[in-house]
Amino acid sequence: MCGIAGIYSVRGAVEKRDLLDMRDALTHRGPDDAGIWINKENNLGLAHRRLSIIDLSNAAHQPMTNEDESLMLVFNGEIYNFKELRKVLQEKGYRFKSGSDTEVVIHAYAEWGTASIEKLNGMFALALYDRNRNCLLLARDRFGEKPLYYYRHNGCFIFSSELKAM
């Protein structure tokens with residue numbers, strides 16, 4: 001179990017303290033690692049609490065970006081078919097720095113866009129920011145096994161794995 005959270009604002013800057021508070025409210029979901037990221041425009045922030053299961057190394061730290069930093073991902077869950085997807089992506093030329101399913105998700109999106117979500121077999125909730133498209137994608141598994149709550153009001157959109165973080 002991990003925890004994800006984020007803030008998108010059209011009215012002003014995302015405050016680092018708010019993002020840290022949201023992330024730290026999820027500490028019990030991921031005591032092994034924590035991270036935040038705020039974009040250069042300062043209107044989007046992503047936060048993550050990590051419970052290390054598949055790849056215990058720092059290479060699987062989140063938020064995770066791809067090589068050119070055009071994609072940023074926070075992910076909670078497990079992709080059961082990540083080894084098969086990883087093999088397909090390697091055959092297409094993608095290189096991996098970690099053994100994590102999170103890195104497979106980010107490269108799958110780079111290859112197949114939003115259609116990549118349908119290829120994921122598992123339990124998950126994720127938020128992926130695509131800088132080139134200026135788009136924030138939130139998705140979760142078909143059965144909603146991994147929670148993902150969101151709220152929109154007054155030009156602000158927030159989301160989290162748990163309501164108390166919001």
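Share of the chain's accessible area from carbon and sulfur, percent, 1.4 Å? Looking at the chain in its full context, I get 47 percent from C and S. Working from Cα pairs under 8 Å separated by at least six residues, relative contact order for the chain is 25 percent. What percentage of all Cα-Cα pairs in region 1-146 are separated by more than 21 Å? Tail fraction, whole percent: 39.
Per residue, the chain exposes an accessible area of 52 Å² to a 1.4 Å probe, with every protein chain left in place.
Think of the chain as having a plus end and a minus end, set by charges on the Cβ of Lys, Arg, Asp and Glu; of ASN66, ILE158, ASN76, ILE158 sits farthest toward the positive end of this dipole. What the phi angles of region 17-30 give under the Karplus curve with 6.51, -1.76 and 1.60, with θ = phi - 60°, is a coupling list of 4, 5, 5, 4, 4, 4, 4, 6, 5, 9, 3, 5, 7, x Hz, glycine and proline written as x. Based on the alpha-carbon gyration tensor of region 110-165 and its eigenvalue square roots a ≥ b ≥ c, which shape applies: rounded if a/c is under 1.5, prolate if not and a/b is larger than b/c, or oblate? It comes out oblate by the Cα gyration axes. Only the Cβ atoms of Lys and Arg (+1) and of Asp and Glu (-1) were treated as charged; on that basis the dipole of the chain about its Cα centre amounts to roughly 220 debye.
Only helical DSSP H runs with n ≥ 4 go in: add -39500 (n - 2.57) per run for the chain, normalise by residue count and round the 222 nm mean residue ellipticity to 500 deg cm²/dmol. Before the final figure, lay out each step's value.
Details: 4 runs with 35 residues, N = 166.
Theoretical 222 nm ellipticity from helices: -6000 deg cm²/dmol.
Loop exposure criterion: GluC sites (Glu not before Pro), DSSP state outside H, G, I, E and B, at most 14 other Cβ atoms within 10 Å. Applied to the chain, the longest stretch between such sites is 70-144.
The values are calculated or read from the model by the stated rules, or taken from the named source; none is laboratory data. It should be emphasised that the depicted structure is a prediction, and the values quoted were computed from it without experimental measurement. So basically every Cβ, Gly included, is an ideal-geometry build from the backbone, and we count neighbours across all protein chains shown. Accessible surface is based on the protein model in full, side chains and every heavy atom, while ligands, DNA and RNA are left aside. Shrake-Rupley method; radii C 1.70, N 1.55, O 1.52, S 1.80 Å.
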